[in-house]
Every structure is written in C-alpha cells, then in structure tokens.
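Read the structure below first, then the notes.
The values are calculated or read from the model by the stated rules, or taken from the named source; none is laboratory data. Being a predicted model, the structure only gives us computed values, none of them experimental. Using ideal geometry, Cβ is built from the backbone for each residue, glycine included, and neighbour counts are taken over all protein chains shown.
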Amino acid sequence: MSVRTDSSSTTHRAGFACFVGRPNAGKSTLTNALVGTKVAITSTRPQTTRHTVRGIVHRPDAQLVLVDTPGLHKPRTLLGERLNDIVRATWAEVDVIGFCLPADQKLGPGDRFIAKELAGIKKTPKVAIVTKTDLVDPEQLASQLIAVDQLGKELGIEWSEIVPVSAVGDNQVALLADLLVPLLPEGPALYPEGDLTDEPEQVMVAELIREAALEGVRDELPHSIAVVVEEMLPREGRPENKPLLDVHATVYIERPSQKGIIIGPKGARLKDVGTKSRRHIEALLGTPVFLDLHVKVAKDWQRDPKQLRKLGF
C-alpha cells in the first residue's frame, strides 16, 4: 500500500490522450463513457468517425483531453486516405496513445498494421485498451490480454498498461482514467471548467443527423452519407419563454439512385431521421428545434478533392 505525500496530492496534470484502433474498435463509445456524455457519434458501421473529436474529462487532480480518431484502415478512396492522415497527425501530437482492441475479435492484420506504426513512435507512452469485455467470457478475455501482451513483445512496444474495459457496462472505465492521468504532463487546466468538448455546435448537430441517417440505412450506404448544416438561426418573433431554433441541413449522397434509399417510401425514412436527430439536437442545445432536412447528390464525393473540401474534409 502506497501513501501519497502532500506535494504529490497537489500536483495537477493536464494533457491529451488519443484513442486509435481499427474501425469499430469501440473508440467513440469509450470516449463518451469517460466524458460522461455524448460528444462523439457511434454506430455499428465501421468508419463512423470522420474527424478528431475532443472530449474533456475534468478531475480535481487533472484535466484529461481525449481525442477520438477515425479508424485506421486500408483506404479505398481519397476520403479514406485523408482520414488516415488525420489519425497519424493526431498521435504525433498527443501525450498518451490508447490503442483500442476489441475483446470479441481475434487480433488481425489491421491490429498488427497499427501496432507496427505505433512501434515507430518511441517517446509517447502507449496503453493497450481491450474494449467490449462485456461481449466475452473470462477465458476469452484472458486469451485476448495474453495476445495483446505478446503483440507488444514481438514488435518492441512496452505497454504502460494493458487495461480491459467495457464502456457499455461501465466496467473499469474510471480505472482507465486513473491509469491515463499519471502519464500526462504536470500543468494547469487547458479548458474552462464545465467544457465537455471543443467541437463547434454546428459540427456536432451535423454529426447527430448523420448518426440518425446511418442507423436508418443500415448496410445500404454506410460511407456515402455526409451532412452539412447550412445555418442555425433563432426564429424571429418568438416570445422569450418560447424560443425556437431553425436548423437547415443537407444530407449528401453520391449517386441519384441513393436518393430514394435515404428518403424512403413517401419520405418516411427521412422523416424518421429528422425525428430521431432532432431529439438529440434539442438535448445538446437545450432549446426546441425546427429541423429542415434536404437530400442532394454530390457525385462520387469520397473521391473528388473539390467535393471533399466543400464537405469539410
């Protein structure tokens, strides 16, 4: 049993930790669990995260800024290449790297590919995080923990910690924060108390709409959807006690044939997307919202540099 001295108990730490891993490794769900609220959208579809999302964990002894990144993968489009560039740029700048590996899937080529890249980053501490432990039995979990340890030894990675967690079951999430904090540099808070993300509201609203749209179309067009919020304006002439925010947004898809899929029979699917996302937007902004959604075609936008710039990539 260790006893903290008075000087160490007053030490405050602040810094950045990024979560990396292959697509659908549980990075966004874990970020949300640590922050305690939804700052990153989640989906069962791989490559849901398309940009870095910062979630801020406030503690008396530390401020832990979590950077959720897109899944590193073998790119098939210009968008895929740019997402990979985001991941590599992020882990070059953070204080700690958390490598997420799902407990319910054996280590594969994608995990090894990322681990090899991490092995080349010598100075930054690395924590192996075995996610989704609620989906496996103790024997499977033990086997995965041994495999992760072995992977580090093979590639010359010295894990600062190997931590099994379940973000959904809230199992060992607080412990993970306790293990990440000592790896941060000493220093004052980087963000004001109460801030949970530095994500612009307009971007978060667009992401909530995309999350609802992804849920609606399931396997049909998971990567072809992009959302842009054109404007967010308070409705004029409303009494102060009954405000209404008008949100005008466009859902972009890549081909005319996809338009019918996203809109659905008699507009039913698009209406469902609007209803689901509006609830989350109102919870985020704390005000009633009128959501105006339109669907447009941006032909092959994932491969077109001009279209990617227009859509914010």
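Details
- Given (1) small (Gly, Ala, Ser); (2) in the same structural domain as residue 27 (by TED's automatic domain parsing); (3) under 30 Å from residue 233 (Cα atoms), number of the condition residue 206 does not satisfy: (2)
- Residues (among the polar types (S, T, N, Q) and within 19 Å of the chain's Cα centre (by Cα)) located in region 143-170: 166
- All of 213, 177 fail the test of being within 30 Å of residue 270 (Cβ to Cβ), in contact (Cβ under 8 Å) with a residue 60 or more places away in the chain and in contact with a helix residue (DSSP H, G or I) (Cβ under 9 Å, 6 or more places away or on another chain), apart from 213.
- Considering 254, 236, the condition of being closer than 30 Å to residue 82 by Cα, assigned by TED's automatic domain parsing to the domain that holds residue 208 and among the acidic types (Asp, Glu) is satisfied by 254 alone.
- Among the conditions (1) closer than 19 Å to residue 205 by Cβ; (2) among the β-branched types (Val, Ile, Thr); (3) at pLDDT below 90; (4) crowded, with 16+ Cβ neighbours inside 10 Å, the only one that residue 261 does not satisfy is (1).
- Hits in region 154-174 (condition: modelled with pLDDT of 95 or more and aliphatic (A, V, I, L, M)): 155, 157, 162, 163, 165
- Any hit, region 154-161, residues being surrounded by fewer than 17 Cβ atoms within 10 Å (Cβ to Cβ) and assigned to a helix (DSSP H, G or I): yes
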